[in-house]
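Shown next, in structure tokens, is the structure this report addresses.
The values are calculated or read from the model by the stated rules, or taken from the named source; none is laboratory data. The structure presented is a predicted model; accordingly, all values stated were derived computationally and were not measured. In this analysis, Cβ positions are derived from the backbone assuming ideal geometry, glycine residues included, and neighbour counts consider all displayed protein chains. Note: accessible area is taken over every heavy atom of the protein model, side chains too, but ligands, DNA and RNA are not part of it. Shrake-Rupley method; radii C 1.70, N 1.55, O 1.52, S 1.80 Å.
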Amino acid sequence: MAPGRTNFSSHEFPMASGASPFSYRTNSAYQRRVVRATKQLMHAVVMEKLQVENGSIFQITDMGCSIGPNTFISVKNIVESVELKFKLMNTQEKHIQVLFNDHAYNDFNTLFASLPSDKSYYAHAAIGSFYDRVFPDKSIHIVNCSYGLHFLSRVPNNVENRESVAWNKGKVYYSHSKEEVISEYSKQYEKDMECFLNARAQEVVPGGLVFITVPARPNGTPHSKVIYNMLADILGSCFLHLVKQGDIEEEEVDSFNIPVYITSPIEVEEAIKRNGSFSIEKLEILSKETSPINGLTAKDASVHIRAITEGLIEEKFGTKILDKLFQLHEQKLEDAYLDLISGEAISLFIALKRKTNL
């Protein structure tokens with residue numbers, strides 16, 4: 001019997017479709033730099049830590065795959081390392097299956113239409129939120145989740161509750177809000193990580209691996225000083241500008257929040273230790289070249305944010321404000337450039353191994 005959903009409902013985070021000029025597929029060069037920066041780290045962990053079982057099928061999943069092309073780069077890197085591991089161990093022939101996972105609204109047609117022609121694996125879709133169970137018990141050998149776990153499963157309830165001290169009135173994001181709002185986002189992140197790790201603990205074979213890459217902030221850095229958050233907060237100020245111009249209603253902004261949280265290394269470590277099912281094989285901060293504004297113009301940065309948030313904004317406000325909103329966002333980013341480059345941002349790579357003694 002297929003497992004049921006977790007108790008708290010997953011918040012779908014729709015992005016622009018593959019046909020859109022603002023789609024993630026054509027506006028994700030920043031994440032591509034991060035994917036490439038993890039190649040050697042993943043290779044080393046596969047070669048040193050992966051335990052290879054008997055059996056003819058080896059299953060890998062890329063969770064939160066979106067519509068490419070970054071998922072194909074990640075998968076290629078992992079598959080090449082796994083195939084080399086098999087060769088060096090002289091194991092029996094294995095068929096590698098790659099399960100591309102995302103929500104049902106993801107544009108899988110675009111994804112599978114652009115599968116690499118020279119792939120050495122069988123490709124399948126796996127539908128569902130990675131905060132829930134997606135696969136049978138002990139069926140997955142390697143999980144990869146790159147730049148997915150900063151998206152929360154939902155906006156914290158109290159943030160949109162007018163009677164709560166954590167009501168995020170006048171803002172669409174948490175980082176520059178009062179402490180009660182930041183606390184609600186932090187607690188939601190803890191819940192989501194617990195669900196993610198609990199689900200993977202049941203699905204990953206003993207000795208299997210989980211790779212996680214996330215945007216993060218250095219330990220102790222205020223949320224308001226993080227580049228990712230500064231980009232989002234500037235977008236929030238653009239909504240208020242449109243309110244003043246009469247393009248949207250203030251009540252609409254008060255009931256709209258972006259479900260993203262930027263974690264820190266210590267928060268990730270604590271979540272893994274609380275779960276108890278995995279050992280941390282590697283936890284590394286990637287090079288400065290993976291900064292979100294490294295080599296990007298204000299226009300590039302704004303288009304990148306649009307690729308991530310367009311679907312969510314369109315769902316709430318329709319298409320009427322999109323062009324105006326992001327033209328204003330680009331202008332404000334240009335004005336705030338000096339502040340942005342003084343902000344903090346890191347990318348965090350974590351390699352976990354499923355414990356065998358549980």
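A few remarks follow.
- Counting only Cβ charges, +1 for Lys and Arg and -1 for Asp and Glu, the dipole size of the chain around its Cα centre is about 1080 debye.
- Largest to smallest accessible area among Ile142, Ile280, Ile305 [probe 1.4 Å]: Ile280, Ile305, Ile142
- Heavy-atom accessible area ranking, 1.4 Å probe, most first, across Glu252, Glu93: Glu93, Glu252
- Alpha-carbon spread of the chain, three principal axes, descending order, Å: 67, 41, 40
- Probe 1.4 Å, all protein chains present, accessible-area order of Phe196, Phe108, largest first: Phe108, Phe196
- Note on Asp247: accessible area approximately 50 square angstrom, rounded to 10, probe 1.4 Å, nucleic acids and ligands left out.
- The stretch 222-358, Cα convex hull volume normalised per residue, Å³: 137
- Kirkwood Rh and Cα Rg combined as Rg/Rh, the stretch 226-269: 1.15
- With helices as the sole contributors, the chain gives -13000 deg cm²/dmol at 222 nm; each DSSP H run of n ≥ 4 counts as -39500 (n - 2.57), and the sum is divided by every residue.
- Reference-scaled alpha-carbon Rg (2.2 N^0.38 Å with N residues) for the stretch 24-166: 1.19
- Ile321 accessible area, 1.4 Å probe, all protein chains in place, Å² to nearest 10: 10
- Normalising the average separation of contacting C-alpha pairs (under 8 angstrom, six or more residues apart) by the number of residues puts the relative contact order of the stretch 33-185 at 24 percent.
- Alpha carbon centroid spacing (whole Å) that separates the stretch 95-158 from the stretch 41-58: 19
- What separates the Cα centres of the stretch 182-237 and the stretch 60-91 is a distance of 23 Å.
- Peptides ranked, highest mean first, by Cβ atoms within 10 Å: ranges 236-245, 45-54, 125-134: 125-134, 236-245, 45-54
- In the full protein context, the stretch 198-293 carries 36 Å² of accessible surface per residue, based on a 1.4 Å probe and ignoring ligands, DNA and RNA.
- Model label points for Glu269 and Met89, set 7 angstrom from Cα along the Cα-to-Cβ axis, are 3.0 nm apart.
- Screening the chain for whole DSSP H helices of 24 Å or more along their axis (Cα) with average Kyte-Doolittle hydropathy at least 1.0 returns 227-244.
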